Amino acid sequence: MRNRDSYAEPYRIKVIEPIRQKDRKTRELLIEQAHYNVFNLRAEDVYIDLLTDSGTSAMSANQWSGMMIGDESYAGCANFYNLQDALLEIIGYRYVVPTHQGRAAENILMTMFVSESQDVLGNMHFDTTEGHIKLRKANPVNLVIDEGMDPDIDHPFKGNINLERLEEELKKSDPSTIPLIIITTTSNTNGGQPVSMNNMRSASELAKKYNRPIFIDAARFAENCYFIKQRDERYKNKSIREIAREFFSYADGCTMSSKKDALVNIGGFLAFKDKEEWYERAVQIQICYEGFRTYGGLAGRDLEALARGLYEGTEEDYLEDRIGQVHYLGSNLIEAGVPIMKPIGGHGVFVDGQRFLPHIERANLPGQSLAIELYKEAGIRCIELGTCAFGYKDPKTGEEIYPPQELVRLAIPRRAYTDRHMDVIVNAFKAINERKENIKGLKMVYQAEIMRHFTARFEMIK
Ligand SMILES: *Cc1c(COP(=O)(O)O)cnc(C)c1O
């Protein structure tokens, strides 16, 4: 990776959005009123918002000007054809089904392929993907390599699927039990970790051998391709788009949340490499849930911003800066002694909340406590991905079941913050580190039955 001191953000700022840091007393009051749940905060009370990298990108002058030529015709708008051209050029797929966001594309895909009690295999399914599989009473099966689950192992492609286990599953079942394989790029759930070209190719060969469709969840495909360029010698002289075309050639189609690597605030799509009959089936479902084939739940202007965003999101200097900024934050946190998941991923830094606050018992929510302290310390908002998000009460015993890790995710919005903001984050961690013995943890005093972290309420342990 090029030394970040030798270059700066590859853009200058034309339009700004003011953000303000409220004073500490006010922040303490606001977070108490929010019942110590960052989802209850108003965005205007947040100084640096690291809740998600989804839909939070800054669009370029080129994208905004594209919005002015949105063609709002019901059928056949010009922007749809621009999107079609962009996808053919960047990933080599012929058929595109626009949707209002990524999960809507998943809905169409699952409706087409998945039914009750089947197993959908993947490296690591994203949570909305899991949701759609379970809605159809089918089972999401995660087959990521063992290294992918160990936060300390420095493996270059921790998003890889375990090929032996994949073949085992395919071998022991007939096509009626496994309708689909999905490779998620990058793998968000274990820290934004990439999938290698070799792994994708081999997974594709197995899919062919056993005659099953294989799809890519492409939300962060450009970041994945950048990691391939960096970490696989054979690709260092290839362009991101050359890498992307090869990578996508190994799948039959993809779903995409364009709120990530396509640098727009809303939108998604389902795309197919060449199977026209699949495309026609998808359009039937699209028309019922999303809209006519050439707009699918989006305005013409949204389609234009998306088409342009796909080109910008696969430019080398943009990706170098993007991944470089996340790396800058991560390596400065390591230097400050903050325990994070390694290697540093593509879209954010994942902090081990339990190791940062070792004196707080799991039951007193070290991850959530760290998230709350970051808000109190500097007005930073991030998300706990530990006990609150993935733990649950055993329905029989009422006992709390803990997930393997107690992570706090600092997701970095694309092109939105500068390295100065990253410095403030690192300094906040240093300040909390100094006074961490006084942090006593939280207890959950209200939880809903599903997705409890969105609406849970907490109290401070005094
Ligand atoms: C965000 C995301 C989705 C869902 O997309 P939405 O646009 O939020 O509906 C699916 N898969 C992955 C990997 C994602 O990051």
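Count of segment 111-166 residues, restricted to those that are more than 28 Å from ALA282 (Cα to Cα) and assigned to a helix (DSSP H, G or I), is 7.
Inspect segment 242-253 for any residue being touching a residue at least 24 places away in the same chain (Cβ under 8 Å), among the β-branched types (Val, Ile, Thr) and open to solvent by 10 Å² or more (accessible area, probe 1.4 Å) and give the result as yes or no.
Scanning segment 242-253 turns up no residue that is touching a residue at least 24 places away in the same chain (Cβ under 8 Å), among the β-branched types (Val, Ile, Thr) and open to solvent by 10 Å² or more (accessible area, probe 1.4 Å).
The set of residues from segment 393-407 being among the charged types (D, E, K, R) and either exposed (fewer than 12 other Cβ atoms within 10 Å of the Cβ) or not in a strand (DSSP E or B) (or both) comprises ASP394, LYS396, GLU399, GLU406. Looking across LEU310, LEU306, LEU298, one residue alone is crowded, with 24+ Cβ neighbours inside 10 Å, part of a loop (DSSP other than H, G, I, E, B) and at pLDDT 95 or above. It is LEU298. Among the residues of segment 253-263, is there at least one that is touching a Pro at 6+ places or on another chain (Cβ under 7 Å) and in the same structural domain as LEU88 (by TED's automatic domain parsing)? The answer is no; no qualifying residue exists. Looking at LYS229, LYS260, LYS208, LYS236, just one residue is within 14 Å of the ligand (Cβ to nearest atom) and either touching a residue at least 24 places away in the same chain (Cβ under 8 Å) or open to solvent by 10 Å² or more (accessible area, probe 1.4 Å) (or both), and that residue is LYS260.
When ILE287, ILE340, ILE334 are screened for being open to solvent by less than 50 Å² (accessible area, probe 1.4 Å), away from the ligand (no atom under 16 Å from the Cβ) and of a type in the set (Val, Ile, Thr), only ILE340 passes.
Identify all residues within segment 263-284 that are part of a loop (DSSP other than H, G, I, E, B) and either within 16 Å of the ligand (Cβ to nearest atom) or more than 29 Å from GLU320 (Cβ to Cβ) (or both); write none if there are none. Within segment 263-284, LEU263, VAL264, ASN265, ILE266, GLY267, ASP274, LYS275 meet the criteria. Among the residues in segment 424-437, are any touching a residue at least 24 places away in the same chain (Cβ under 8 Å) and outside any helix (DSSP H, G or I)? No, segment 424-437 has no match at all.
The values are calculated or read from the model by the stated rules, or taken from the named source; none is laboratory data. Just so we're clear, the structure is a prediction, and the values are computed from it rather than from any experiment. With ideal geometry, Cβ positions are generated from the backbone for all residues, glycine too; neighbour counts draw on all protein chains shown. The area values use the complete protein model at the heavy-atom level, side chains included, leaving out ligands, DNA and RNA. Shrake-Rupley method; radii C 1.70, N 1.55, O 1.52, S 1.80 Å.
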